[in-house]
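Trainee: This is the structure, below, for whatever I ask next.
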Amino acid sequence: MRIIGLDPSLSRTGWGLIEAEGNRLVHVAHGAIATKAGEPLTARLGVLHAALCAVLAAHGPQEAAVEEVFVNKNPQSTLKLGQARGVVLLAVAHLPVAEHATRLVKKAIVGTGAAEKAQVMAMVQRLLPGCGPLGEDEADALAVAIAHAHLRTAARIAAA
């Protein structure tokens, strides 16, 4: 099962693809889609959508896992994040999509929902040997994909 994990953001959306076969996870690809802060919002959302559609077409994931929105102190930032997240959800709407809370992802990867970004990055690199250097956004996206794969396996075991 090929899973794409997504960490939505207007400035830099991280994406990470893994192949999950039972308990075995293999890194496929990762990257980030950046938009220019000075551009109009509609142009930035268009860039995000087009780039994400290109990633999906190139890698053919079978499922998507998206990190849920958290509320910022700044309402404008929260609104922009919500709009970017909407574009991400639109791009993957043709796939089965799961949404996972940040704390749940951190707990699944590191063992605690209060893990720091450096801890998440270190565990992702340990769980996916050979994935190479990662930025925070790419590590977060791969963490979402890994957590989704683990949660899928747990759900199947519980159902059996």
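What follows draws every value from the coordinates through simple rules; no lab data is involved. Everything numeric here is computed off the predicted structure, so don't read it as measured data. Here the Cβ positions follow ideal geometry from the backbone for every residue, glycine too, while neighbour counts run over all protein chains shown.
Trainee: If you count the DSSP beta bridges with both ends in the chain, what percent of them are antiparallel, to the nearest 5?
Mentor: Bridges in the chain are about 65 percent antiparallel.
Trainee: Taking loop as defined by DSSP and a crowding limit of 16 other beta carbons within 10 Å, which trypsin sites (Lys or Arg not before Pro) in segment 1-50 fit?
Mentor: LYS36
Trainee: While we're on this one: Straight-line reach only, C-alpha to C-alpha below 18 angstrom: list the lysines that LYS106 could link to, leaving out same-chain residues fewer than 8 apart.
Mentor: Qualifying lysines at Cα under 18 Å: LYS117.
Trainee: Stretch GLU21-ALA93 to full length: gain in nm at 0.36 nm per residue minus the Cα-Cα span?
Mentor: 23.6 nm
Trainee: With +1 on each Lys and Arg Cβ and -1 on each Asp and Glu Cβ, how big is the dipole of the chain about its Cα centre, in debye rounded to the nearest 20?
Mentor: The calculation lands at about 200 debye.
Trainee: What lysines does LYS80 reach when the alpha-carbon gap must be under 16 Å and sequence neighbours fewer than 8 apart in one chain are set aside?
Mentor: LYS36
Trainee: While we're looking at this one, here's another question. Mind listing the phi-derived Karplus ³J(HN,Hα) values for segment 79-88, rounded to whole Hz, using 6.51, -1.76 and 1.60 with θ = phi - 60°, and x for any glycine or proline?
Mentor: So the J values, rounded to whole Hz, are 4, 5, 4, x, 5, 5, 5, x, 5, 4.
Trainee: For a bin width of 5 Å, list the pair-distance distribution of segment 33-85 built from all Cα-Cα distances, rounded to whole %.
Mentor: Taking all Cα pairs of segment 33-85, the binned fractions are 4, 17, 22, 22, 20, 10, 4, 1 percent.
Trainee: Residue by residue through segment 116-130, which ³J(HN,Hα) values in whole Hz follow from phi under the Karplus form 6.51 cos²θ - 1.76 cosθ + 1.60 (θ = phi - 60°), with glycine and proline marked x?
Mentor: Working through the residues one at a time gives 7, 4, 5, 5, 4, 4, 5, 5, 4, 5, 6, 6, 10, x, x Hz.
Trainee: Another question, if that's okay. Could you list the residues of segment 42-67 with an amide nitrogen less than 19 Å from a label point located 7 Å from the Cα of ARG103 in the Cα-to-C-beta direction?
Mentor: 66-67
Trainee: Hey, another quick one. Can you tell me the mean projection area, over all orientations, of the convex hull of segment 83-129's alpha carbons? Units nm², please.
Mentor: 4.3
Trainee: Counting alpha carbon pairs within less than 8 Å and at least 6 residues apart, what relative contact order, in whole percent, applies to the chain?
Mentor: 32
Trainee: While we're on this one: Ordered by residue, what ³J(HN,Hα) values in Hz, to whole numbers, does segment 17-22 give under the Karplus form 6.51 cos²θ - 1.76 cosθ + 1.60, where θ = phi - 60° and Gly and Pro are x?
Mentor: 10, 10, 10, 10, 10, x
Trainee: What Rg and what Dmax come out for the chain when only alpha-carbon atoms are used, in angstroms?
Mentor: Expressed in Å, the Cα Rg and Dmax of the chain come to 15.0, 52.
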